[in-house]
Amino acid sequence: MTKLLIKYRYLVIVVSIAIGLGGLAMLQQMKTDPDIRNYIPSEMESRINTDNIEQEFGLQDMIMIVYKDSCILTQSNLRRIKETERQLADLKSIDNTISLFNIRRIYGEQGMMIVDPAVKRFPENDEEIEILKEQLKNNPLVMGTVVSEDFKMSAIAATISQETDENIILSEIDSVINANPGSAEVYFGGLPYIRQAIMKDVRRDGLILVPLALFIMLGFLWLAFREWRGMVLPFTIVVLSIAFAMGLAPLLGWKLSILSLLVPIMLIAVANDYGIHMIAKYQELVSFNHDDSNESIVSAMVRKLRLPVIFTGLTTIAGILGLLAHSIIPARHVGVLASAGIALAVLLTLFFLPAWLSLLPKSKPLVGGDKVSGSLLDRSLARLSRLVTSRPRRVLMVSTILTLIFAIGISFIRVDGNQENFFPSKHPVKQASIIINKNFGGSQSISVMMEGDIKDPALLRTMDNWTGEIKTMEGVGDSYSIATVLKEMTKALYDENERGYDRIPDTRQAVAQILEIYNMSGDPEDFDRLVDFDYTKAHLMVRFENPATDVVRDAVNKIYSLADRDNIDVTIGGYAYIMLQFSEKILTGQINSLILAILIVLVLLTIIFRSFKGGLISTIPILASVIFLLGFMGITGITLNPATALLSSIMIGVGVDYTIHFLWRYKSELVFSDHREAIIKTLTTTGRGIVYNALSVIVGFSVLVFSGFTSIRFFGYLVLISIGVCLISALFVIPSILLVFKPSFVEYKSNIKKHIRRKHMKRAIILILLLTLPFILMAQGTAGEIMDKSRNAMKVESFEAIASLNITDSKGRVRERSNVTASKSYDDGTEKRLIKFLSPADVEGTTMLIYDYDQGQDDMWIYLPALKRTRRIVSSEKGKSFMGSEFTNADMSSPPTEDFDHTIIDESDNYYVIESKPVDRDKEDEYGYSRKISTIKKNNYVVSKMDFYDSYNELFKTILIKDVREISGEKFIISHMTVENFSNARSSEIVMSEIRTGTQIRDELFDVTSLGR
C-alpha cells in the first residue's frame, strides 16, 4: 500500500488540499443561532407550551433598557425616557412598550376610577419630584417593574416583532438610544440582547481564539520536533480538518452555536495528535536507521503506526460520537462535526502526510539509537519508568484512594443552563441582568396559561391566591395576573372601609363592569398580555430575581401542585422553564453520552485487543479519569453547563488514545523482553509521543481560557486537568496494572496478526466513510362662530334611537355593543343624553348620562348595575375611552367653544378647515389632544372629518362622519360615524338605527337619581 501511496503522492496531496478548500468555500454560508429554544428538541414540553402561549399572548421575548442616575425622576431624565419610549413605540419592529409614561396609575376621584399614565407630567422642581415619588410608591403596577425602589433607575420594556430580523430590531433600538443622549447610564438587558451578545462573542472568539490556537500550536510543534516538517505537516492536517468539519455545518443546514466554538479548538488540539505520533516515529526511525532511504523510512513509519493511528482515531471518534446520545442539539452537532474532522485527520495522517514527507529530503537524526537523549522530558520518562516498575502496587493503591475521594464530589455537582451565566461578571449583558434581577423583578420568567371563564370570580380568586403564594417563594421577584390588576381597580372604586376594596368582586357581572369602566379610562389592550380577547384564557406571569435552576424548578413544581389542589388545567411555558428543561437535558445528556461513549470505546478496545479483559483494563483508567473530573467539578463548585457537559465524552475519546498507543508499543516490546523491560522501553520511547500528544491537546485547548464566555473558559481550565489526569493514567496506572496482573491479552500472537489488521482496516474504512455524512379644508365667518354653528346644527329637540357600537382591536377582532339612546334639548342650550347598553350581557344595564351645556363644563355620570353604583365621570376622564372604544367620552358630546382657540387654516368652495387648540395645558390633558383639525361643510355646518394630533403634533386619530340624518333644514343627527386610531391600529364604529325624532321624553329620565331604576 505504501508503494501505491508514493506512486500517486501528487494526486493525494492535490485531493487533500481540494477537500480543505471546499470546506473553506462553504464557510461563507455559515450562520449563527443564539436562541436557546433551538438548542433543545422541538417535542420538549417547555418549548411546545411556550409556542402555544406565545400564539395567544404574543412573543415572550422582552428587551429592557435601564436608565441609572442619582435621581431618575429629574425632568431631563424623564424627557429622555419619554422621547425614547415614543420613538421605540413608533418602530414597526416593536409590538408594544412599557414605561413610566404608559404603564397605568389606577386611582379614584370623586368615586370614579381614573386611569392615567404613571407619570403624566414632568416635575418642575424638587417638591414636585417628591410628590411624584409618593404617587409611584403607592402604585404596585410601577414599583419594581419600571422604576426601582430607590428611584435611581427606570426601565423601558418592549416586546419585539417576530416578523423582523432580530439584529435589525436591535440596531434600530441602538439608533433611537443614540439619538437621545443624556447623563444617565444606559444598560441593555433581556433575551434578545443576550442572544446578540452570544452572536458577537461567538464571532469574536472564532476570529481570535482559532488563529491564536493555531499560532500556539505552531510554536509547540517547533519546540517538540525542532524541524519545519515536524511543525508544518501536522499543522496542515489540522487546518484542512477544521475547514472540512466546519464546512459541513452549512452543508447540513446547521447554524453556529456557542458550543460550535469548541469544534475548531478540539481539532487543533486533537487532529494533530496522529501527525505528532507519525513525526515522532519518523524521527525515531531516522535515528535507528539513518542509512536507509527516506522513502523506506516513510514506508516503515506507515507500516508500524498504521493500525495504532486507525485504532486511536476510531476510539476518539467513538468517544466523541457519544455526544449523539446528548439531548442538547448543538452537542450532537459538535459530536458529528468533530468526528468528521478527526476522521479526515486520520486519513490525511495515513495518506497526505506520508505522501508529502516522501517528497522531502531525509531528516537529520535527533535521537541516537537506544540511548536516551539528555532532554528534560527523556530524563523524566527514564525516572518515571524506574518508579513505576519498582512500586506498581503502591501506584494502584494511591490511584484508587484518590478516585474514591473524588467520587464523593460528584454528589455536589450543580447543573446550570442559564444563559446569563455564560458571561463574566463585568460583561455589559451580565451587569444588566444583575440590575434587572435585583430591581425590576427579573429578566427571566415563566408563563402559566389558565383556561375557563376568566371573569368568573372563583377563578380570579384562585389566580390571586396563586400569585400571593408564589411571590413568597425564594428567588421569585414578582408574580401577577389579571386578578392583580382587577384588585387595583377596586381600590379606585371603593373606599378602604368598604367591602369591595382590594378584593375580587362577588359576581361575574361586577367583574365585567369594572373592566368596562377601566376600558373607558384606560386602553382596552392594556391587558392583551394577561387575558385573551374573549376572556377564556388568562396569563399568569412569574418573574425571577434569581433564575437559578433549583429556584425555577421549585416554582414550576409549586404551580403544578397548586393546579392539582384546585383542579385547574394549566400550561406552563416561558424561557425560564425552557432553561430549566435545558439544564435537565444537560444532566441526562451527560449521563447518556457518557454511557454510550464508554460502551462504544469498550467494544472497540475489546475488538482491537481481541480480549474483553483487554478492553476492560484499557477502559478503567478512563473511567477513573472521568470520576476524578466530575468529582473535581463538584468539590470546586464548577457547574455542569452546556460546555462542560461535553468534556467527559471528549476526554474519553482523547484520553483512550494514550492507552492504545502505550499498549500497542508494549505488546511489540514484550516479544523481545519481559514485562518490566517492556514497560521501561515503552515509557522511554512511545511515552515521549504520548507526552507530546497530551501537551499538544492541553496547548490547543488552553486558548479557551481567553474566551468571552465563562462556561467556555471553565471548559478550558478543566481540559488542562482532565487531559493531565488521562496522561498520568496512561503513564502510571496502565503500566502498574500490567506489571501487577500481567494480562494475557498483551501477549503477541503472530499467527493472527495479519487477520486482525485486515479486519480492523475494513472496519475503520467503513466507519470513516459513514462519518462523511421574519386632512384639510374651511369658509366665512370667524372660526369660533363656525364652530358654534356646527355645534348647534347637531342639537335637535329630542330623539330616540338604537345604536350599535363595534370595537375592532389591532388584530382585527371585533367586540359588539348595542344601546338605546335618548336625547332632549332645553331652552338654555343644554342637551341631555341617556345611553343605556342592551348587550352584551356583561354590560347590560350599564347607563351613561350626559349633560352637554351650551357654556361651561359638561357633566357625565355612569351607572353600574352589578355594583348598584352611580359614578360621576370627572373632567379628567373626558379624553378617555367611551366604553372601551376609540371614541372618547368627549366625542359623545360637543365640547364648549370657549375651551379652544379656533383658527381657520384653509377654505374651499364647499368646506371650512378649522384648527382647534385647547386653551391651556389642563384642557389639553382633559381632552387628550394638542389640536384638532375639523372639516366642516359650508352648506349645513356639519362636520365631515376630525383629525386629532398628540403633544408631539403627530396625527394619531381620525373621526369620519359617514352619514347624517337631516331632521330639518338646519338640524342633523349623526347616524354613522367611524374612528381610526393610528397609534394603536384600532378602530370603532357607531351606527344609529330606528331613529325617532320629536318624541315626548320625560325629564325624569335624565335625573341622576333615576339611573338604574
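The values are calculated or read from the model by the stated rules, or taken from the named source; none is laboratory data. What you see is a predicted model, and the numbers here were worked out from it, not measured in a lab. Neighbour counts run over all protein chains shown; Cβ positions are idealised from the backbone, glycine included. Ligands, DNA and RNA are stripped out before the accessible areas are found, and what is left, the full protein with its side chains, is counted by its heavy atoms. Shrake-Rupley method; radii C 1.70, N 1.55, O 1.52, S 1.80 Å.
Looking across the range 505-538, the residues that are assigned to a loop (DSSP other than H, G, I, E, B) and more than 18 Å from SER810 (Cα to Cα) come down to PRO505, ASP506, THR507, THR536. Taken as a whole, the condition of being within 30 Å of SER583 (Cα to Cα), modelled with pLDDT of 90 or more and surrounded by fewer than 18 Cβ atoms within 10 Å (Cβ to Cβ) does not apply to ILE410. Determine whether the range 452-459 contains at least one residue that is among the hydrophobic types (A, V, I, L, M, F, W, C), buried (at least 16 other Cβ atoms within 10 Å of the Cβ), modelled with pLDDT under 95 and assigned to a loop (DSSP other than H, G, I, E, B). Scanning the range 452-459 turns up at least one residue that is among the hydrophobic types (A, V, I, L, M, F, W, C), buried (at least 16 other Cβ atoms within 10 Å of the Cβ), modelled with pLDDT under 95 and assigned to a loop (DSSP other than H, G, I, E, B). As a summary of the residue check, SER934 satisfies the conditions (1) open to solvent by 10 Å² or more (accessible area, probe 1.4 Å); (2) more than 22 Å from ASP90 (Cβ to Cβ) except for the one numbered (1).
Tell me, which residue of the range 962-997 that is closer than 30 Å to ASN102 by Cβ and hydrophobic (A, V, I, L, M, F, W, C) is most open to solvent (accessible area, probe 1.4 Å)? Applying the filter and picking the extreme gives PHE982. Of the residues making up the range 151-170, at least one is assigned to a helix (DSSP H, G or I) and open to solvent by less than 20 Å² (accessible area, probe 1.4 Å).
Within the range 869-898, being assigned to a helix (DSSP H, G or I) and buried (at least 21 other Cβ atoms within 10 Å of the Cβ) holds for GLU877, ALA890, ASP891. Here MET26 meets each of (1) in contact with a Ser or Thr (Cβ under 6 Å, 6 or more places away or on another chain); (2) outside any strand (DSSP E or B); (3) not small (Gly, Ala, Ser) with one exception, condition (1). One residue stands out in the range 187-233 among those that are acidic (Asp, Glu) and part of a helix (DSSP H, G or I): the one that is nearest to the chain's Cα centre (by Cα), namely ASP201. Among the residues of the range 589-619, the ones that are part of a helix (DSSP H, G or I), open to solvent by 60 Å² or more (accessible area, probe 1.4 Å) and either of a type outside the set (A, V, I, L, M, F, W, C) or in contact with a Lys or Arg (Cβ under 8 Å, 6 or more places away or on another chain) (or both) come to 2 in all.
For THR821, the test of being within 22 Å of TYR518 (Cβ to Cβ) and at pLDDT 80 or above is failed. Among the residues of the range 664-712, those identified as under 30 Å from PRO34 (Cβ atoms), in a helix (DSSP H, G or I) and among the aromatic types (Phe, Trp, Tyr) are PHE701, PHE706. Would you say SER257 is touching a strand residue (DSSP E or B) at 6+ places or on another chain (Cβ under 6 Å) and either buried (at least 21 other Cβ atoms within 10 Å of the Cβ) or polar (S, T, N, Q) (or both)? So SER257 fails the test.
In the range 620-647, the residue that is nearest to PHE412 (Cα to Cα) out of those that are among the small types (Gly, Ala, Ser) and outside any helix (DSSP H, G or I) is GLY637. Across the range 99-115, the qualifying residues are those that are modelled with pLDDT of 85 or more and not aromatic (Phe, Trp, Tyr), and the one among them that is surrounded by the most Cβ atoms within 10 Å (Cβ to Cβ) is SER99.
For the subset of the range 995-1013 comprising residues that are among the charged types (D, E, K, R) and not in a loop (DSSP other than H, G, I, E, B), which member is farthest from TYR826 (Cα to Cα)? Spell out the reasoning first.
Initially, the range 995-1013 is screened for residues among the charged types (D, E, K, R), giving 996, 1002-1004, 1007, 1013.
Filter once more, keeping what is not in a loop (DSSP other than H, G, I, E, B): 996, 1003-1004.
Working: ARG996: 18, ASP1003: 10, GLU1004: 14 Å.
Only one residue tops the list, namely ARG996.
Here are GLU525, GLU496, GLU488: which of them is more than 26 Å from GLY442 (Cα to Cα) and either open to solvent by 10 Å² or more (accessible area, probe 1.4 Å) or hydroxyl-bearing (Ser, Thr, Tyr) (or both)?
GLU496
Each residue in the range 811-851 was checked for being part of a loop (DSSP other than H, G, I, E, B), surrounded by 15 or more Cβ atoms within 10 Å (Cβ to Cβ) and under 54 Å from the mean Cα position of the chain (by Cα), and 3 of them qualify. Can GLY442 be described as modelled with pLDDT under 90 and open to solvent by less than 10 Å² (accessible area, probe 1.4 Å)? Yes: the conditions hold for GLY442.
Do you know which residues across the range 796-806 are open to solvent by less than 20 Å² (accessible area, probe 1.4 Å) and either basic (Lys, Arg) or in a strand (DSSP E or B) (or both)?
First, the residues of the range 796-806 that are open to solvent by less than 20 Å² (accessible area, probe 1.4 Å): 796, 798-799, 801, 803, 805.
Scanning the range 796-806 gives SER798, PHE799, ALA801, ALA803, LEU805.
Tallying residues that are charged (D, E, K, R) and under 19 Å from MET651 (Cβ atoms) within the range 666-714 yields 1.
For beta carbons closer than 6 Å, sequence separation of 6+ or different chains, a first residue in the range 279-307 that is open to solvent by less than 70 Å² (accessible area, probe 1.4 Å) and a second that is among the polar types (S, T, N, Q) and not in a helix (DSSP H, G or I), the qualifying pairs are VAL286/SER363.
Any idea which residue in the range 84-98 is nearest to ASP116 (Cα to Cα), counting only those that are open to solvent by 40 Å² or more (accessible area, probe 1.4 Å) and assigned to a helix (DSSP H, G or I)?
Filtering first and then ranking leaves ARG86.
The one condition from (1) at pLDDT below 85; (2) exposed (fewer than 13 other Cβ atoms within 10 Å of the Cβ) that LYS426 does not meet is (1). Just one of the listed residues (ASP502, ASP550) is open to solvent by 20 Å² or more (accessible area, probe 1.4 Å), of a type in the set (D, E, K, R), part of a helix (DSSP H, G or I) and farther than 29 Å from ALA985 by Cα, and it is ASP550. Among the residues of the range 463-474, is there at least one that is part of a loop (DSSP other than H, G, I, E, B) and open to solvent by less than 10 Å² (accessible area, probe 1.4 Å)? No, there is no match, as no residue in the range 463-474 is part of a loop (DSSP other than H, G, I, E, B) and open to solvent by less than 10 Å² (accessible area, probe 1.4 Å).
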